[in-house]
Amino acid sequence: MIGDAINAIDAIDAIVELRRASRLYRRGTEQVAALIDVTMHLMPGELVALVGPSGCGKSTTLNLVAGVDRPDAGTVIVCGVDVGAAREAELVMLRRRCVGMVFQAFHLVPHLTVEENVALPLALDHRPDPPRVRDLIERVGLSSRRRHYPSELSGGEQQRTAVARALVHRPKVVVADEPTGNLDSRTGAAVLELLAELRHEQGASLLLATHDARIASMADRRIALADGRLVGAEAADRHPSGSPL
Amino acid sequence: MIGTIAPGSADLLRALLVRPLRRRPWRFMITVLGVATGVAAVIATVASSRAAVGAFTRGVDEVAGAARLEITQPGGIPVATLADLRPITDQAIVVPVVEDSVLLVELGDGVRLLGVDLLLDAQVRPVLEATLAPEALHEALIGRGVLISAELAAELGLRAGDTITLSAQGRLEQVKVVALIDAGRHGAVWERVVLADVALAQELVGRPDRIDRIELVPRPGVEPAALGQRARGLLAGRLDVSKPSHRRVLAEQMVASLRFNLVALSAISVLVGGVLVATTLATSVVQRRYTVSVLRSLGASRLQVALAVIVEATALGLLGGALGVVAGFGGARLALASVRSTVAVVLQGGEGFDQTLVSVADDLGLTLMVTDVRHFCH
């Protein structure tokens, strides 16, 4: 079962593996290749930055890894689950147990409070854990705001809520799509630092799509995409600040 | 900031459904009203159409009376013809009838003026039996007395003894209300009728020497066919003697035509109502698409999303449907009130009940169809 597969992941080297993965979209009568023959992997606890211009395939890659999309060709293995071949129930379990997501536009549920938004992944999986929710809210510094709605929060506070939500179910992989894209540089840095610290504490891998060369340089490795193809992969230089990123 | 719930799964999932309604009740109410308007349009049109057709059909029978035969002629029948029929009065009740439309000034609308031989007619039209007390009959026969329904009198604030003004043939004529017709189950049919003695009716419509038809009601034991043959013989083929069914056929042709028009109107109404419901719900669905996408990415299963969407759509459909049914019947009553002078209509309790069910079922079906649960699940 999926649960076994996810738990057995510790015994496997790569937590995420793409083998010649391709994804095509249809735009009218035209077929657009969003991702072509991409091969890459993500090791447990590793932070990998996906870099490249807009439309290069970063978000498509993240969607495949998060199990919200399937490849048209090739293989995508996440936490031991073959995303292309998995049944719907397996993908649901993958999203519930293995993957956490952080979006550029936060994507909090507007009618739920901070506390409820953070608790949502656990609630959808029918395993509420209020102490864990409270702990994470405290860790992201939103205890005093836990009963506020997203519309009552600043951008940074919303993204901190999203970070807590992405980690609350102890995922093995966190995918973050331009998580600082809607934030000023100072707030963005603070959110990133928080994300890095928390995922580091629980040993989750982080796959981060970014335009920002400075953020990319903080990753263990950088993977560059262009026009849907992988055009480069290299270990990044560590940031001079010695950030845990 | 408002109070929130403890983040247990069931409560949290319920909050996902209920919270938007609590936080933005107007948006929800507008959606409900959109659905209600669509349902109401269908019900109002169909219910009023059915009631109108039904009333028209009933009216033909009720006002026509129990005649087995009737004598007619284009342009009316000379009064002298009654004398020709005197030899068969032992076999049939011979009832002269004048019928025309006149304007009742106090009402500001048209009514049907029905002139009958009040002495004879109580044996023909059951409604008169209970109404024609000797005093009223006397006054109606010797003066300018008329009878109107109790409903019409109540509507105009009239009582027996009051005077009303009729406009016929370009002349204003004052007549006295001598009695009120307690029409009972015939009420709707008689509601827009002014009943007068045939002589007064002739005077009012300006045809003192002609009547519109003669009804022959066979006395017990007399065969209508034989009676008809006898009447034809007395009239020497000058006039048409036929069963009222002939008139009924004509009436039914009119009803069929009316029904066709109303069915067409109802079909348009169903279409418009459906489009209205669909558009309203599609808007509501689009507003929820974002939340559903987020939930799916966080691990919501198709079943969880489908349940949430179905619960919301069903609530919208039922609430909007219920409001629509009430508004629809209200609208139908208003529509019928505006055509009472043309057709005496009453909306019966059961009228259009099946259509109500169909409308609400349509509404629910549309709700779920437009919500496109499968789309959300994917």
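The values are calculated or read from the model by the stated rules, or taken from the named source; none is laboratory data. Since this is a predicted model, take the numbers as computed values, not measurements. All Cβ positions, even for glycine, are placed from backbone atoms using ideal geometry, and neighbour counts span all protein chains on display. Areas reflect the complete protein model, heavy atoms only, side chains present, ligands, DNA and RNA absent. Shrake-Rupley method; radii C 1.70, N 1.55, O 1.52, S 1.80 Å.
Once amide H atoms are placed 1.01 Å from N in the peptide plane, what residues at a sequence separation of 5 or more from A:Leu206, or on another chain, have their amide H within under 5 Å of its amide H?
Amide H to amide H, under 5 Å and 5 or more residues apart or across chains, A:Leu206 pairs with A:Glu46, A:Leu47, A:Val48, A:Val174.
Report the per residue volume, in Å³, of the convex hull enclosing the C-alpha atoms of the range A:88-151. Could you put the intermediate results ahead of the total?
Numbers: hull volume 6.6 nm³, N = 64.
Measuring per residue, one finds 103 Å³ for the Cα hull of the range A:88-151.
Show B:Trp190, B:Trp26 ordered by accessible area, largest first, where the area counts protein heavy atoms only and the probe is 1.4 Å.
Output order, biggest surface exposure first: B:Trp26, B:Trp190.
Using the Kirkwood radius built from alpha carbon pairs, what does the Stokes-Einstein equation give as D for chain A at 10 °C and 1.306 mPa s, in µm² per second? Write down the numbers at each step before the final one.
Details: Rh = 18.1 Å.
It comes out at roughly 88 µm²/s.
Based on the Cβ-Cβ distance of A:Ser154 and A:Glu234, what FRET efficiency does E = 1/(1 + (r/R0)^6) give at R0 = 45 Å, to the nearest 0.05? Spell out each step's value before the answer.
On the way: r = 35 Å, r/R0 = 0.79.
With R0 = 45 Å, the Cβ-Cβ based efficiency is 0.80.
Among the lysines, which fall within straight-line cross-link reach of B:Lys176, defined as a Cα-Cα distance under 22 Å, with same-chain neighbours fewer than 8 residues apart omitted?
Within the straight-line limit of under 22 Å, B:Lys176 reaches no lysines at all.
Long-range amide H contacts for A:Arg229: which residues qualify at under 5 Å (H placed 1.01 Å from N, peptide plane, sequence gap of 5 or more or a different chain)?
Amide H neighbours of A:Arg229: A:Ile36.
Which value results when the Cα radius of gyration for the range A:45-172 is divided by 2.2 N^0.38 Å?
On the way: Rg = 15.6 Å, N = 128, 2.2 N^0.38 = 13.9 Å.
Normalised Cα radius of gyration, the range A:45-172: 1.12.
Grab the DSSP H runs of chain A that are 4 residues or longer, score each as -39,500 (n - 2.57), total them, divide by all residues and round the 222 nm result to the nearest 500 deg cm²/dmol. Spell out each step's value before the answer.
Values: 8 runs with 80 residues, N = 245.
When only DSSP H runs of four or more count, the value is -9500 deg cm²/dmol.
Karplus couplings for the range A:77-88 from phi (6.51 cos²θ - 1.76 cosθ + 1.60, θ = phi - 60°), rounded to Hz, Gly and Pro as x?
Residue by residue, the range A:77-88 yields 10, 10, 6, x, 9, 7, 4, x, 9, 5, 6, 4 Hz.
Sorted by accessible area (1.4 Å probe), largest first, how do A:His200, A:His169, A:His41 line up? Show your work: numbers first, answer last.
Details: A:His200 120, A:His169 15, A:His41 75 Å².
Final ranking, largest accessible area leading: A:His200, A:His41, A:His169.
Between B:Leu141 and B:Arg171, what is the label-point separation in nm under the 7 Å Cα-to-beta-carbon projection?
The two pseudo-label positions are separated by 2.4 nm.
With the other protein chains left in place, how much accessible area per residue, in square angstrom, belongs to the range B:72-124 at a 1.4 angstrom probe? Mind dumping the intermediate values first?
Working: 2110 Å² over 53 residues.
Heavy-atom accessible area per residue stands at 40 Å².
If the only charges are +1 at each Lys and Arg Cβ and -1 at each Asp and Glu Cβ, what is the size of the charge dipole of the range A:32-155 around the Cα centre, to the nearest 20 debye?
Details: 13 positive and 14 negative charges, 73 e Å.
So the magnitude is around 340 debye.
In chain A, which Cys residues have no partner Cys with a Cβ closer than 4.7 Å?
If one checks each Cβ against the other cysteines of chain A, A:Cys56 turn up with nothing under 4.7 Å.
Per residue, how much accessible area does chain A show when a 1.4 Å probe rolls over the protein heavy atoms, in square angstrom? Provide the component values of the computation, followed by the final result.
Numbers: 10020 Å² over 245 residues.
Accessible area per residue: 41 Å².
Please list 3J(HN,Hα) in residue order for the range B:79-88, calculated via the Karplus relation 6.51 cos²θ - 1.76 cosθ + 1.60 where θ = phi - 60°; whole Hz, with x for glycine and proline.
4, 4, 4, 4, 5, 4, 8, 3, x, 9
Return the whole-Å distance between the Cα centroid of the range A:100-136 and the Cα centroid of the range B:278-339.
Rounded to whole Å, the Cα centres lie 27 Å apart.
Would you mind working out the accessible area per residue for the range B:145-219, using a 1.4 Å probe, and quoting it in Å²? Can you show the working numbers first?
Values: 2870 Å² over 75 residues.
Averaged over the residues of the range B:145-219, the accessible area is 38 Å².
Using a 1.4 Å probe and counting only protein heavy atoms, arrange A:Glu201, A:Glu157 so the residue with the most accessible area comes first.
Working: A:Glu201 110, A:Glu157 35 Å².
Sorted descending by solvent-accessible area, the residues read A:Glu201, A:Glu157.
To the nearest 100 Å², how much accessible surface do chains A and B hide from each other in total, with a 1.4 Å probe? Each step should come with its number before you reach the end.
Working: alone 11350 and 19080 Å², together 27690 Å².
Using a 1.4 Å probe on protein heavy atoms, the buried area is about 2700 Å².
Using amide H atoms built 1.01 Å from N in the peptide plane, name the residues 5+ places from B:Arg219, or on other chains, whose amide H lies under 5 Å from its own.
B:Ala92, B:Ile93
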